[in-house]
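Peer 1: Below is one structure. I have some questions about it.
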Amino acid sequence: MLYHYLTIARRNLLRHKLFSFVNLFGLALGMAGTLVIGLWVRDELSVDRFYPDLDRLYYVRISNGDWAGQQTSGPLADALKKDIPEIEKATKLSWPNNLLIKVGEKAHKEKGYYVSGDFFDVFQFPALRGNPAVALQSPGNIIITRKVARTYFGTIDPVGRILKLDNAKTYVVGAVIENIPPNSSLRFDWVVNFSVFEQDWMRIWSNNFVQTYAKLRPRVTQAQAEKNMRPLIQKYDPSRWNKDLRPILQPLSEVYLYGEYRQGKPTGGRIEYLRLFSMVALFTLLIACVNFMNLSTARSATRAREVGVRKAVGAARTSLMKQFMGESTLMTLLALALALGMVSLVLPGVNELTQKTLSLNVAEPAFWLGLLALVFVTGFVAGSYPALFLSSLRPVEVLKGTLKMGAHATWFRQSLVVFQFTLSIFLIVGMLTVAYQMHYVRTKHLGLDRTNVFYVPIEGDLAARQPVFRQELLRSGAVSSVTAADLLPIDVGSNTSGNLVWPGKDPNQLETVWQLTVGYDFIQTMNISLVDGRDFRAGLAGDSANILVNESAAKLMGLKNPVGQPITFQGQKGRIIGLMKDFHLASLHTPIGPLVVRHHPDWTSYLLIKTQPGQTAQAIRAAEQIARRLNPNYPFDYHFVDEDYEKLYRNESLINRIIQAFGAMAIVISCLGLFGLAAFTAERRTKEIGIRKVLGAGVSDIVALLSGDFLKLVLIANLIAWPLAYYAMRRWLEGFTYRIDMGWWIFGLAGVSAVLIALLTVGYQAIKAAVANPVESLRTE
């Protein structure tokens, strides 16, 4: 019986090649998109899931009941171990450092952390040589990964050998661990004991600058630990600024996906992108399934006699349903084979876009189980209604030739077309909105000039020879100005509380200000508008205590004319010497906050270099030559500020490209369905078209006749899709403090695009039918 069903299915596929191709290719596209998104979602969900004691590992945040910050104070980890019995181990990490490792003539920059002693008790990575937990206890040891060991020592056992870090200090390799898995949120190639990095200010409770992780004891709950942690900060730092602060725990399994906090609880982050992309993939697969259902029900008349004969000879309805469901599953299997080929072709581009290493891992049983689930779900969704509809036909009507498709079948097909194009138009609106917002982000004036500016990290001898480097660059003629900063002005990302005092300040006022440390010519190099006052000047020793403020800071202080006002910042008394016009300190997700700019060239990390127009290449060559001479122990390294600005919107760029790809895919699949329906409609109305032409109907009349019904459905789809898309995209845009207005033209362009695409798709079949010779269609009459 199964062989018989397969034979019939194969014959039907070959007999109706056009409709088989439309169904097959549409399903394959939908399944390919679902597979790609599924691989990406699976990879995202696997991050940090490889730790053996994952259920006991937590990330420590500092919360005031509303927000929750990622940075914690240096003494917190030790206090957690000492005072909280529920916590077995705790470790603190610096933020990642990209430092030069040198062994003999080999020198490269590698990413690593300064960590406290419990690090390898909290995070268990496989050891290849030595005992990393024991080796870490010595400040003179460094623990490296397999990659670093192979790069610098080849096949020689590196344990006990010497390497130089940051051209400043030598370390003994104490242990070698396996390379960090790609699905780890902590990525590094070396770690060193935190004590060699620690300074006195890092031991102060009010300075938050490290990451803290904790491991709970077995059978201890998060709630139990947090209850005892609540008064910890007040115990060691009872200042009024910290009275509402408390440590909270976030499961390590959630850290990567949930980065945003509201009311002290995780509410968003990358999980939003997983939900969005999963929804897009589902939409695309649904559109493909709708194609299958629509064409199958539309062509039911061609299978009606077969159903009638089978029922007349005793076939039960369940038997017929199994046959038609089997045919849809067979079609789905063929589509899956084609989809796997498509995925193999696009995966390299997807990996480049997402910066991942996704692959079709055929060796994993879970992979085949996922494919099996996809086949049966798709086959069931696509084939369920056609099977129910065809198996319900009455044999008496079929065999007498009196079968007529009722209004219900027609209404259902029309509803499917509306549903299909509603999803497509929804994606088109999303595609246009995201693209417009990204264009706005890239072209919006930030209040400073990021073009023609590149930066060089200040490291090695360059720190002490900044003035010489600056003077020689300016003499090259390719550079217009040079400044220094501890952070990039487009992504300041650092604020402080309770450290700014001005005349008339309410002693109970809690203020939070952004801070930036710069060198000379900061205003000129970044082309920031100065409303009043001056920039820092060379030769003025008092400028080390003076500050610049932006308009938001002046508003916070309630000072209409702040220039010249006495100020105390972080315990240092000085004056406000300049008022800057507000400029963006971070991405457009973040509102412009109060900014204090202070002058300490020795505390800076980057040299920002503004080139003369059209002389960027010459400026880079000059900077490289000077840097190699002044700082020979470090390779020359530079980056453009524009490139770093783009990185602030990496997730949004990913959304933009994925929405574009899936929007185009949805349109193609919808057009395939419309093309098949138009072809079938033209085929069924061949004699009607012939009679109309004989009676004098022109080509335009026939085209309008065949296209009109479909265009009405697309217009209805527009009316449904517009409010849904508006709501969804407004929600997405709310993540940006500075955003576009969703003008009517976005919806108009999406609607016109859908109508034109539908018209072109249907119009081809309509014109083909309209220009056909009526003699051929009426010959049998």
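Peer 1: Counting only protein heavy atoms and a 1.4 Å probe, tell me what percentage of the range 159-220's accessible area is made up of carbon and sulfur. Numbers along the way, then the final one.
Peer 2: Details: 1290 of 2810 Å².
That fraction is 46 percent.
Peer 1: Where Lys and Arg each count +1 and Asp and Glu each count -1, what net charge lies around Glu178 among other residues with Cβ under 11 Å from its Cβ? All intermediate terms of the calculation are to be shown ahead of the outcome.
Peer 2: Working: positive: Arg129, Arg146, Lys147; negative: none.
For residues surrounding Glu178, the net value is +3.
Peer 1: Simple spin-label model, 7 Å along Cα-to-Cβ: Tyr236 to Arg262 in nm?
Peer 2: 3.2
Peer 1: Give me the distance in nm between label points sitting 7 Å out from Cα along the Cα-to-Cβ direction at His600 and His439, one decimal.
Peer 2: So the two model labels end up 4.5 nm from each other.
Peer 1: Same structure again: Just subtract the alpha-carbon distance of Leu345 and Asp66 from 0.36 nm times their residue separation and send over the number in nm, one decimal. List each step's numbers first, then the result.
Peer 2: Details: separation 279, 0.36 × 279 = 100.44 nm, distance 4.65 nm.
Contour length minus the Cα-Cα distance gives 95.8 nm.
Peer 1: Hey, another quick one. Taking a 1.4 Å probe, which of Ile716, Ile577 shows the most accessible area, and what order do the others take after it? List each step's numbers first, then the result.
Peer 2: Numbers: Ile716 80, Ile577 15 Å².
Ranked from most to least accessible, the order is Ile716, Ile577.
Peer 1: Kindly rank 578-585, 52-59 from highest to lowest mean number of other beta carbons found within 10 Å of each residue.
Peer 2: On the way: 578-585: 21.4, 52-59: 17.2.
Ranked from most to least packed, the peptides come out as 578-585, 52-59.
Peer 1: So, one more: If I ignore ligands, DNA and RNA and count only protein heavy atoms, how much of Leu374 is accessible to a 1.4 Å probe, in Å² to the nearest 10?
Peer 2: Probe radius 1.4 Å; accessible area of Leu374 about 20 Å².
Peer 1: Say each of Val531 and Val377 gets a label point 7 Å from the Cα, pointing the same way as Cα to Cβ; how far apart are those two points in nm?
Peer 2: For Val531 paired with Val377, the spin-label model returns 5.5 nm.
Peer 1: Mind checking the full-extension length gain between Arg275 and Gln660? Use 0.36 nm per residue of separation minus the Cα-Cα distance, one decimal, nm.
Peer 2: Details: separation 385, 0.36 × 385 = 138.60 nm, distance 1.70 nm.
So the chain would gain 136.9 nm between Arg275 and Gln660.
Peer 1: Counting only protein heavy atoms and using a 1.4 Å probe, what share of the accessible area of the range 65-118 belongs to carbon plus sulfur, as a whole percent? Show your work: numbers first, answer last.
Peer 2: Numbers: 1020 of 2170 Å².
Summing carbon and sulfur atoms, their accessible area is 47 percent of the total for the range 65-118.
Peer 1: Which whole-number value in Å² is the accessible area per residue of the range 416-521, probe 1.4 Å?
Peer 2: Working: 3830 Å² over 106 residues.
Heavy-atom accessible area per residue stands at 36 Å².
Peer 1: Between His108 and Asp506, what FRET efficiency follows from the Cβ-Cβ distance if R0 is 60 Å, with the result rounded to 0.05?
Peer 2: On the way: r = 53 Å, r/R0 = 0.88.
Between His108 and Asp506 the formula returns 0.70.
Peer 1: Taking 31 Å as the cut-off for C-alpha to C-alpha distance, list the pairs among Lys444/Lys712; Lys581/Lys647; Lys82/Lys505; Lys109/Lys573 that go past it. Don't jump to the answer; show the numbers that get you there.
Peer 2: Numbers: Lys444/Lys712 40 Å; Lys581/Lys647 25 Å; Lys82/Lys505 39 Å; Lys109/Lys573 39 Å.
Correct reply: Lys444/Lys712; Lys82/Lys505; Lys109/Lys573.
Peer 1: For a protection proxy built on the mean count of beta-carbon atoms within 10 angstrom, sort 662-671, 753-762, 460-469, 642-651 highest first, please. Let's see the in-between values first.
Peer 2: On the way: 662-671: 22.8, 753-762: 19.3, 460-469: 16.4, 642-651: 14.5.
Going by the mean number of other Cβ atoms within 10 Å, highest first, we get 662-671, 753-762, 460-469, 642-651.
Peer 1: Gain in length, Asp449 to Val668, computed as 0.36 nm per residue apart minus the alpha-carbon separation, to one decimal in nm? Walk me through the intermediate numbers first.
Peer 2: On the way: separation 219, 0.36 × 219 = 78.84 nm, distance 4.17 nm.
Extra length from Asp449 to Val668 when fully extended: 74.7 nm.
The values are calculated or read from the model by the stated rules, or taken from the named source; none is laboratory data. Since this is a predicted model, take the numbers as computed values, not measurements. Virtual Cβ from ideal backbone geometry, glycine too; neighbours counted across all protein chains shown. Surface accessibility is based on the protein's heavy atoms, side chains included, excluding ligands, DNA and RNA. Shrake-Rupley method; radii C 1.70, N 1.55, O 1.52, S 1.80 Å.
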